[in-house]
Amino acid sequence: MHYKGTEMDIIVAENVHKKFKLKQGQQVNNNGIISDEIEVLSGFGLKIKKGEFLVLVGPSGSGKSVFLDLVGGLSAPTSGVVYLDDKPVEAPSAKTGYVFQQYALFPWRSALSNIEFGLESRGVVKEERVKIARELLSLFGLSDFEDRFPYQLSGGMQQRVAIARALATKPEVLLMDEPFAALDAQTREILQNELIKIWEGTDTTVIFVTHSIDEAVFLADRVAVVTARPGRIKDIIEIDLPRPRKVDIRSSPEFAANRHKVWGALKAEVNKAQQDWKLAPVFSE
Amino acid sequence: MSEEVIVASEVGLKNRSIDFSSYAKHGKYLLKGFNKWSQGIPLVLVFFSIWEALPRLGVIDPLFLPTFSTTIKTLFDLTVSGKLLLHVVVSLQRASAGFGLAILVAVPLGFLMGWYNKFERYTDLLVQSLRNISTFALLPIFLLVLGLGESSKIAIIFYGASWQLLMNTISGVKSIDPIYIKAAKSMGVSDWDLFRKVILPASIPSIIIGARLGAKISLMVVIAAEMIGAKSGLGFFIQNAQFNFMVPEMYAGILALAFLGLLVNYLLVWFEKKTTSWKGEIGSSILG
């Protein structure tokens with residue numbers, strides 16, 4: 001009997017396992033057993049509430065991004081099920097939008113045309129697409145840049161366009177895979193502030209992967225700590241900071257207390273992963 | 001608005017003012033391009049001077065190497081009388097027919113081989129074996145099978161031009177950053193849209209490089225093919241001039257060939273810039 005969560009839960013992952021086959025000739029030592037398979041997620045279970053901002057933190061290789069791919073329908077679990085709105089995810093859905101660390105803007109399309117991309121697949125007419133894309137560009141302060149190609153935009157601007165592109169189809173769930181990791185520290189903070197401001201005005205659910213505890217605490221309603229590989233949820237920490245989040249909250253004692261809680265849960269896993277690091281494989285599906 | 005955006009807007013405004021005067025910008029680029037290009041002129045002049053000097057000084061018998069001025073005058077006369085134009089047009093027609101056919105066949109085949117690993121595994125050995133045979137070595141076979149008419153010439157040009165197009169299309173498809181595919185799939189594209197809107201535009205720069213090489217090969221092969229069993233075309237003209245000991249005409253034909261190659265190359269470079277402007281400055285020089 002599957003428990004599919006309450007009405008409040010938009011995403012439910014139940015006992016999810018995900019294995020990857022290693023490239024030919026590669027092997028991995030899993031607790032003394034030599035294998036050509038690597039288990040990235042093992043017994044991963046998580047319920048995500050509608051409209052919440054959930055941040056996944058965990059050591060490298062713990063399968064956080066893999067979980068996003070499962071929710072986004074870009075990859076299938078080896079066993080177990082991920083439900084989105086009570087239906088198992090089997091293919092990319094109109095309900096999800098995806099933002100990548102490498103921006104992944106199409107270099108042959110202008111900023112405006114990049115944002116239109118997802119709307120094209122949904123059969124939205126040209127005038128409507130342009131209208132939506134322009135609204136989003138202006139939301140991110142990029143109205144003057146609609147004709148620019150990605151190479152003509154800074155990293156921060158490119159990632160703004162990428163977020164706008166993901167938001168254009170009005171997804172219920174926004175998947176963000178270390179979206180700010182490639183940006184410099186200042187731009188990163190500015191984008192965190194912009195993102196949280198925009199998100200606080202919507203009812204979009206966000207699943208956000210990061211390695212930065214500060215980023216996690218500043219953005220999240222809840223921070224889910226993932227164990228070292230094979231990943232499963234170790235702990236979920238409620239961030240009891242008031243909303244809307246003000247920029248200066250970062251220097252408050254409450255922020256530090258939350259930060260301490262997250263680090264406490266994460267520390268052991270990071271150490272474990274460091275020891276495992278020399279075994280870190282290159283995997284392919 | 002955040003600080004970064006304000007800074008960025010200022011940069012944008014600066015660029016914008018250039019955008020407004022786009023004619024000036026275009027002119028400036030042309031001038032810059034010409035300045036770069038013109039640096040190559042002195043060496044060409046030195047080459048022509050040596051050419052002029054050698055027969056004049058009697059180092060080489062003018063019978064075998066007429067002076068540059070004689071050659072240019074012959075080329076001028078041949079052009080004005082329209083004698084040469086006919087041959088140039090015929091050669092260009094053959095080259096473009098073979099080259100066009102190569103695009104129609106090699107590019108789609110390249111997409112199939114680049115995208116479907118299984119298809120590539122089945123075809124790769126045959127393709128690699130055929131690719132490494134010199135096109136010219138096959139010329140007699142094409143003549144035997146297809147005869148002396150147009151079809152054998154077009155077929156051999158098609159064959160010669162196809163390989164660069166095929167290889168570059170394959171490598172274009174294979175080197176697409178998987179993140180673009182992932183991003184497109186996350187937005188729910190159909191297979192056809194994935195091809196049309198991601199795979200095709202992402203491989204265009206590589207295909208165009210293949211097309212440039214293919215076009216050059218087409219020009220080379222057409223000349224060779226016309227030297228064996230043809231009654232028209234620049235290759236025939238050069239060969240015929242040689243047989244009839246019309247040495248200045250022969251050199252004029254070769255010079256015309258050089259101009260033609262230069263022209264085609266500039267055309268292709270221009271086309272490349274036009275179609276891949278989204279990449280910013282492209283690496284290839286104007287002389288490519």
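The values are calculated or read from the model by the stated rules, or taken from the named source; none is laboratory data. Please read all numbers here as calculations on a predicted model, not as lab measurements. Heads up, the Cβs are rebuilt from the backbone with ideal geometry, glycines too, and the neighbour counts pull from every protein chain shown. The accessibility values were calculated without ligands, DNA or RNA, using every heavy atom of the protein model including side chains. Shrake-Rupley method; radii C 1.70, N 1.55, O 1.52, S 1.80 Å.
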Can you work out D for chain B in µm² s⁻¹ from Stokes-Einstein, where Rh is the Kirkwood radius over C-alpha pairs, the temperature is 37 °C and the viscosity is 0.692 mPa s?
146 µm²/s
What relative contact order, as a whole-number percentage, does chain A give when Cα pairs under 8 Å and 6 or more residues apart are counted?
26 percent
Normalising by the residue count of segment B:82-277, find the relative contact order in percent from Cα pairs under 8 Å and 6+ residues apart.
28 percent
Report P(r) for segment B:60-208: all Cα-Cα distances, bin width 10 Å, range 0 to the bin holding the largest distance, values in whole percent.
10, 26, 24, 20, 12, 7, 2, 0
Delta accessible area of at least 10 Å² on complex formation, residues of segment A:126-160, 1.4 Å probe, chain isolated as reference
A:G141, A:D144, A:F145, A:R148, A:F149, A:Y151, A:S154, A:M157, A:R160
Measure off 7 Å from each Cα along the Cα-to-Cβ vector at B:F259 and A:A182, then give the distance between these two points in nanometres to one decimal.
4.9 nm
Is the shape of chain A rounded, prolate or oblate, going by the alpha carbon gyration tensor and its root eigenvalues a ≥ b ≥ c, with a/c under 1.5 for rounded and a/b larger than b/c for prolate?
prolate
Per residue of B:175-186, what is the mean number of Cβ atoms on other protein chains within 10 angstrom of that residue's Cβ?
6
Counting only protein chains, not ligands or nucleic acids, how are A:Y98, B:Y122 ordered by accessible area (probe 1.4 Å), most first?
B:Y122, A:Y98
Can you give the mean number of other chain Cβ atoms that lie within 10 Å of the Cβ atoms in peptide A:99-111?
5
Out-of-range pairs (alpha-carbon distance over 26 Å; input A:K18/B:K182; B:K153/B:K274; B:K28/B:K273; A:K170/B:K185):
B:K153/B:K274
To the nearest 500 deg cm²/dmol, what mean residue ellipticity at 222 nm is calculated for the protein assembly as shown from DSSP H runs of n ≥ 4 alone, each contributing -39,500 (n - 2.57), summed and divided by the residues?
-19000 deg cm²/dmol
List residues of segment B:145-159, by number, whose backbone nitrogen lies under 20 Å from a label position 7 Å along Cα→C-beta of B:L130.
B:145-147, B:151-159
Mind pulling the angle between the C-alpha long axis of helix A:155-167 and the longest principal axis of chain A? Nearest 10 degrees, somewhere in 0 to 90.
90 degrees
What are the semi-axes of the equivalent ellipsoid for the protein assembly as shown, taken as the square roots of 5 times the Cα gyration tensor eigenvalues, largest first, in whole Å?
61, 29, 21
From the Cα gyration tensor of segment A:138-285, with a ≥ b ≥ c the square roots of its eigenvalues, which class applies: rounded if a/c is under 1.5, or else prolate if a/b is larger than b/c, or else oblate?
oblate
How much FRET efficiency would the formula 1/(1 + (r/R0)^6) give for B:V59 and A:Q275, where r is the Cβ-Cβ distance and R0 is 45 Å, rounded to 0.05?
0.05
Expressed as a percent, the accessible surface of segment B:82-277 that is carbon or sulfur, using a 1.4 Å probe and the full set of protein chains, is 71 percent
Calculate the FRET efficiency for B:I41 and B:L104 from the Cβ-Cβ distance with a Förster distance of 41 Å, rounded to the nearest 0.05.
0.60
Per residue of B:195-206, other chain Cβ atoms within 10 Å number on average 2
Give me the accessible area of B:Y29, 1.4 Å probe, in Å² rounded to the nearest 10.
130 Å²
Applying 1/(1 + (r/R0)^6) with R0 = 41 Å to the Cβ-Cβ distance of B:S171 and B:S232, what FRET efficiency is obtained, to the nearest 0.05?
0.65
Measure nothing but the geometry: give the 0 to 90° angle between the long axis through the Cα atoms of B:150-174 and the longest principal axis through the Cα atoms of chain B, rounded to 10°.
30 degrees
Pairing the Cα long axis of helix A:253-276 with the longest principal axis of chain A, what angle in degrees results, from 0 to 90 and rounded to the nearest 10?
50 degrees
Please work out the average accessible area per residue across segment A:146-285, using the 1.4 Å probe convention, and give it in Å².
45 Å²
Could you check the simple spin-label distance between A:A94 and A:D147, using points 7 Å along Cα→Cβ, in nm with one decimal?
3.3 nm
Enumerate by residue number the trypsin sites (Lys or Arg not before Pro) in segment A:39-147 meeting two conditions: DSSP loop (anything except H, G, I, E, B), and at most 13 other Cβ atoms within 10 Å of the site's Cβ.
A:R122
Ordered by number, the residues of segment A:72-94 with at least 10 Å² less accessible area in the assembly than alone (1.4 Å probe) are A:L74, A:P92
If you add up the charges near B:L65, with Lys and Arg at +1 and Asp and Glu at -1, over every other residue whose beta carbon is less than 12 angstrom from its beta carbon, what do you get?
-1
7 Å from Cα along Cα→Cβ at both B:W270 and B:V80: what's the point-to-point distance in nm?
2.7 nm
